[in-house]
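Coordinate-derived values only; no laboratory data. Values in this document were obtained by computation on a predicted structure and should not be read as measured data. Cβ atoms come from the backbone with ideal geometry, glycine included; neighbour counts cover every protein chain shown.
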Amino acid sequence: MALFAVIAKRAPVGISIEEFQAKLAEGFRYTQELQEKGLIRDRWILVGASAGLNIYDVESHEQLMQLLYRSPAGLHLDFEVYPLISPPSYDPTAEGPAH
């Protein structure tokens, strides 16, 4: 499994605010379904940023991209994607390969 932090910011281009609000409501239901399926671990609202933060637990980056753009609001959001690793999987004291 791969963990990703995804920040989704509003970017309603080419549709009215009313249409965007409707898509956003559908998108919230979609992410709730993904959470129920275990594909999203956590969902948060970034207060004051008009954005959301979701932690995805997926098989691959490709699966993540498919899920993001299947969202009814996906085409009207800007996504920032950050792969996550657990602290034990990173050792800053480990020596790199010899050169």
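Can we say Tyr30 is closer than 23 Å to Ala2 by Cβ, in contact (Cβ under 8 Å) with a residue 24 or more places away in the chain and of a type in the set (Phe, Trp, Tyr)? Even if it seems obvious, please write down each step before you answer.
Numbers: closer than 23 Å to Ala2 by Cβ: yes; in contact (Cβ under 8 Å) with a residue 24 or more places away in the chain: yes; of a type in the set (Phe, Trp, Tyr): yes.
Here the answer is yes, as Tyr30 does meet what is asked.
Given the conditions (1) surrounded by 11 or more Cβ atoms within 10 Å (Cβ to Cβ); (2) in a strand (DSSP E or B), report the number of the one that Pro83 does not fulfil.
(1)
Quick one: in region 28-61, of everything that is in a loop (DSSP other than H, G, I, E, B) and touching a Lys or Arg at 6+ places or on another chain (Cβ under 9 Å), which residue is farthest from Leu77 (Cα to Cα)? Spell out how you get there, then give the answer.
Quick first cut of region 28-61, residues in a loop (DSSP other than H, G, I, E, B) only: 37-39, 47-50, 59-60.
Applying the additional criterion that residues be touching a Lys or Arg at 6+ places or on another chain (Cβ under 9 Å) yields 49-50.
Values: Ala49: 13, Ser50: 11 Å.
Only one residue fits best here, namely Ala49.
In region 1-27, what count of residues is obtained for those that are out of contact with any Asp or Glu (no Cβ under 6 Å at 6 or more places or on another chain) and either free of Cβ contacts under 8 Å to residues at least 24 places away in the same chain or among the small types (Gly, Ala, Ser) (or both)?
Final tally of qualifying residues: 12.
Filter region 5-64 down to residues that are among the hydroxyl-bearing types (Ser, Thr, Tyr), exposed (fewer than 12 other Cβ atoms within 10 Å of the Cβ) and on the phi < 0 side of the Ramachandran plot, then give me how many there are. Let's see the steps before the verdict.
To start, the set of residues in region 5-64 that are among the hydroxyl-bearing types (Ser, Thr, Tyr) comprises 16, 30-31, 50, 56, 60.
So of that shortlist, the ones also exposed (fewer than 12 other Cβ atoms within 10 Å of the Cβ) come out as 16, 50, 60.
Subset that is on the phi < 0 side of the Ramachandran plot: 16, 60.
Of the residues in region 5-64, 2 are among the hydroxyl-bearing types (Ser, Thr, Tyr), exposed (fewer than 12 other Cβ atoms within 10 Å of the Cβ) and on the phi < 0 side of the Ramachandran plot.
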